[in-house]
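Asker: My structure is below; once you've seen it, I'll send some questions.
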Amino acid sequence: MADTPRRHGRAAVLVLLAVLIAAAGAGYALLSKNFHAPGPAAAAVDLKVTPGESTRSALASLAGLGALSHPREVELYLRLHRLSPRLEIGTYEIPAHASPADIIRMFEEGRVVLDQITVVPGVTFADFRRELDASTDIAHTLRGKSNAAVMAALGHPGQDPEGRFFPDTYFFAPGTSDLTILRLAYDRMAAVLAKVWQQRSPGLPFDTPYQALILASIVEKETGVADERGRIAGVFVNRLRRGMRLQSDPTVIYGLGKRYDGTIHTRDLTTDTPYNSYTRSGLPPTPISLPSLESLLAAVRPDHTADLYFVATGKGGHHFSKTLAQHDAELRIYLERLRAQEQAAARRQAAGGAR
């Protein structure tokens with residue numbers, strides 16, 4: 001009988017232990033259930049993760065945004081499962097009613113929303129740099145540096161940057177450096193140009209991919225009509241073969257730089273610069289823009305025609321001519337149409353002022 005109190009004590013301990021185990025099991029089951037249950041957010045929310053931010057602070061931010069109900073429970077679940085998700089710098093777009101499990105999976109997969117910058121065909125390298133400098137999502141390492149310094153940083157000292165960067169939309173994580181984006185665009189143009197050069201027609205009046213790049217940059221600036229690119233390139237190729245000057249207005253404008261006031265004057269056509277294709281023969285010394293793939297292809301596979309001239313129609317395209325007489329006639333038509341448009345605009349403006 002003396003062992004009875006001891007047996008009762010052991011039984012009590014076992015009962016207590018069983019209760020604790022059951023409670024722990026129930027607690028764990030509830031923790032797991034909540035971890036996989038839909039979250040409270042009725043709409044998607046954006047979580048911006050900054051450098052050095054911890055999982056705890058990110059979870060607290062999500063709770064503040066209404067996307068998590070019990071961030072401490074999520075922390076406990078992660079500790080019990082020895083999970084330590086790595087946070088990428090950037091913005092996570094958390095869907096409506098995302099569960100904690102969904103959110104942690106997004107962290108583990110690094111599903112940040114990428115930023116982007118679009119480089120439009122026909123812009124200059126200076127335009128590209130201004131776009132980069134204006135972005136608040138890029139780490140700026142090149143602001144204020146000369147083009148020569150930029151090319152040296154890219155590993156291509158001594159190269160002129162114009163035309164060497166492929167125009168496209170580039171996606172990047174916030175905090176990506178401007179140097180990284182420029183390297184992507186440079187390498188892309190180098191790869192595209194090398195591939196295009198392998199597709200060139202025989203007998204072109206130039207010998208290097210870089211010369212093709214120069215011609216493509218002029219074609220890009222001469223027309224916005226896709227179907228005309230090959231024919232425009234054909235005109236320039238024909239003129240190069242005959243030793244004729246290209247007489248391309250966009251090269252004159254590029255040579256004027258900041259002196260260009262929006263109109264090409266007669267004095268501009270006769271004032272010599274390295275880019276004035278009215279005063280100098282052959283291709284200009286560098287590209288004058290960042291050309292598209294289509295213009296690159298046109299430069300190496302120009303249309304085979306006898307055209308030597310073209311003039312704007314005033315309706316978005318160009319009229320092509322084989323002789324100077326034909327060209328002069330079309331030019332007179334274009335100038336007459338232009339004067340008529342200017343007179344009509346002046347009359348409308350006068351009528352509006354009279355009211």
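Asker: Given the options Thr91, Thr55, Thr124, Thr118, name the one that is at pLDDT 85 or above, surrounded by 16 or more Cβ atoms within 10 Å (Cβ to Cβ) and under 30 Å from Glu220 (Cβ atoms).
Answerer: Thr124
Asker: Any residue in the range 69-86 that's under 24 Å from His97 (Cβ atoms): show its pairings with residues that are assigned to a loop (DSSP other than H, G, I, E, B) at Cβ separation under 6 Å, as long as the two are six or more apart or on different chains.
Answerer: Matching pairs, first to second residue: Ser69/Pro40.
Asker: Follow-up question, since we're still on this one. For the structure I just gave you, tell me whether Ile288 is of a type in the set (A, V, I, L, M, F, W, C), assigned to a loop (DSSP other than H, G, I, E, B) and modelled with pLDDT under 90.
Answerer: No.
Asker: If you check Ile218, Ile181, Ile214, which single one turns out to be crowded, with 16+ Cβ neighbours inside 10 Å and closer than 19 Å to Asp115 by Cα?
Answerer: Ile181
Asker: Next question. Could you list all residues from the range 286-318 that are more than 32 Å from the chain's Cα centre (by Cα), more than 24 Å from Tyr254 (Cβ to Cβ) and surrounded by 14 or more Cβ atoms within 10 Å (Cβ to Cβ)?
Answerer: The answer is Thr305, and nothing else.
Asker: Restricting attention to the range 210-220, does a residue exist that is assigned to a loop (DSSP other than H, G, I, E, B) and either among the basic types (Lys, Arg) or not assigned by TED's automatic domain parsing to the domain that holds Gly122 (or both)?
Answerer: Taking every residue of the range 210-220 in turn, none turns out to be assigned to a loop (DSSP other than H, G, I, E, B) and either among the basic types (Lys, Arg) or not assigned by TED's automatic domain parsing to the domain that holds Gly122 (or both).
Asker: Here are some residues: Ser281, Ser277. Which one is at pLDDT 95 or above, over 17 Å from Glu222 (Cβ atoms) and either among the charged types (D, E, K, R) or in a loop (DSSP other than H, G, I, E, B) (or both)?
Answerer: Checking each option against the conditions leaves just Ser281.
Asker: Only one of (1) in the same structural domain as Lys322 (by TED's automatic domain parsing); (2) surrounded by 17 or more Cβ atoms within 10 Å (Cβ to Cβ) fails for Ala226. Which number is that?
Answerer: Status for Ala226: all satisfied but (2).
Asker: Let me ask another. Determine which member of the set Asp133, Asp137, Asp187, Asp102 is charged (D, E, K, R), outside the structural domain of Leu297 (by TED's automatic domain parsing) and touching a residue at least 60 places away in the same chain (Cβ under 8 Å).
Answerer: Step by step, each of Asp133, Asp137, Asp187, Asp102 is checked, and only Asp102 is charged (D, E, K, R), outside the structural domain of Leu297 (by TED's automatic domain parsing) and touching a residue at least 60 places away in the same chain (Cβ under 8 Å).
Asker: In the range 164-209, how many are in a loop (DSSP other than H, G, I, E, B), hydrophobic (A, V, I, L, M, F, W, C) and within 16 Å of the chain's Cα centre (by Cα)?
Answerer: Within the range 164-209, residues that are in a loop (DSSP other than H, G, I, E, B), hydrophobic (A, V, I, L, M, F, W, C) and within 16 Å of the chain's Cα centre (by Cα) number 3.
Asker: Within the range 95-116, work out how many residues are in contact with a helix residue (DSSP H, G or I) (Cβ under 6 Å, 6 or more places away or on another chain) and either part of a strand (DSSP E or B) or of a type outside the set (Ser, Thr, Tyr) (or both).
Answerer: Here the count works out to 2.
Asker: Report yes if some residue within the range 261-271 is in the same structural domain as His304 (by TED's automatic domain parsing), over 22 Å from Leu296 (Cα atoms) and either among the basic types (Lys, Arg) or at pLDDT 95 or above (or both); otherwise report no.
Answerer: Scanning the range 261-271, I find at least one residue that is in the same structural domain as His304 (by TED's automatic domain parsing), over 22 Å from Leu296 (Cα atoms) and either among the basic types (Lys, Arg) or at pLDDT 95 or above (or both), so the answer is yes.
Asker: Further question on the same structure: Is at least one residue of the range 248-271 outside any helix (DSSP H, G or I), under 34 Å from the mean Cα position of the chain (by Cα) and under 21 Å from Ser295 (Cβ atoms)?
Answerer: Yes, the conditions are met somewhere in the range 248-271.
The values are calculated or read from the model by the stated rules, or taken from the named source; none is laboratory data. Note that the structure is predicted; figures quoted are calculated from it, not measured. Quick reminder, even Gly has a Cβ in these numbers, built from the backbone with ideal geometry, and neighbours come from all protein chains shown.
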